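Q: One structure coming up, written as structure tokens, with questions to follow.
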Amino acid sequence: MELNSGYHEFNSKSLMSVYSSGDKTLDLLLEGGFHQDLLYLVYGNLKIITDILLKLSVGSFKKYGFEKKVVFIDGNNRFNPYRVSKLAASYGLSPSKVLNHILISRAFTFEQMVETMESRLNNLEDSEKIKIVMVSGMTTLWPDFEKNTFEELLKAIAGIKRTIAKSRPLIILTAPLHKNSKIKPTGGTALAHFGSVLIIIEDKERYIEYSLIQHPSLPEKRLIKRINKKTKIM
């Protein structure tokens with residue numbers, strides 16, 4: 001087994017890309033944004049979270065260019081190309097070029113979501129250079145809590161692990177809150193234990209609450225952003 005010094009580990013992490021979420025409050029919560037060496041699970045209000053994913057996608061091209069692509073696996077059916085085009089124009093980027101560098105895979109059943117993450121994602125990496133993988137609504141289509149459903153979830157997680165081992169992209173998973181819990185995602189502990197970083201984002205009518213539940217190097221934290229007509233997501 002190869003052993004590296006702590007200094008080597010420090011240097012390797014300092015070279016990892018950091019991506020702004022496009023949301024100032026979330027970047028403040030994460031002390032800069034999403035770090036490539038961590039796996040994120042963001043759950044709660046899917047409308048707000050999806051808009052963050054779109055901002056992150058466009059912002060990544062502004063900062064790091066178009067050498068690599070973004071994969072957007074859409075289990076919420078919320079990918080909005082018009083929103084992406086508008087964001088690209090606001091960053092001074094070509095909307096068509098940005099859209100051409102976002103690879104979209106839509107899932108309409110939980111089985112399709114599992115298949116995409118278990119096999120299609122790995123096959124895609126053999127032909128494309130990928131810098132970010134976003135899974136929007138990983139368990140939105142979660143059918144039940146039977147044993148075979150959890151087994152399928154574990155297959156999807158295994159597929160993500162292979163992706164991490166192969167090319168180490170930034171991976172962000174999103175999910176709805178569990179209907180019977182204020183702190184757990186749909187998918188339960190099997191999904192929650194997989195993430196390095198756990199974040200809950202909730203719409204509280206008059207403000208948006210951002211909660212950092214778990215992070216390997218940051219303490220638990222809670223921030224709020226007051227909502228006005230400009231910040232309310234349509």
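Any read-out appearing in this document is the output of simple, stated calculations on the displayed coordinates, not a laboratory observation. Since this is a predicted model, take the numbers as computed values, not measurements.
Q: Kirkwood hydrodynamic radius, computed over distinct alpha-carbon pairs, for the chain: how many Å, to one decimal?
A: Numbers: mean 1/r = 0.0548 Å⁻¹.
Taking the inverse mean of 1/r over all distinct Cα pairs, the chain comes out at 18.2 Å.
Q: Classify region 156-231 from the C-alpha gyration tensor, please: rounded if a/c falls under 1.5, else prolate or oblate depending on whether a/b exceeds b/c. Write out the running numbers ahead of the final one.
A: On the way: a/c = 2.08, a/b = 1.77, b/c = 1.17.
Prolate.
Q: Report, in deg cm²/dmol and to the nearest 500, the calculated mean residue ellipticity at 222 nm for the chain, where each DSSP H run with n ≥ 4 adds -39500 (n - 2.57) and the sum is divided by the residue count. Can you show the working numbers first?
A: On the way: 9 runs with 87 residues, N = 234.
Taking each H run of at least 4 residues, the total per residue is -11000 deg cm²/dmol.
Q: Report ³J(HN,Hα) in whole Hz for each residue of region 159-173, in order, from the Karplus equation J = 6.51 cos²θ - 1.76 cosθ + 1.60 where θ = phi - 60°; Gly and Pro get x.
A: x, 5, 4, 5, 5, 4, 5, 7, 9, 6, x, 5, 10, 10, 9
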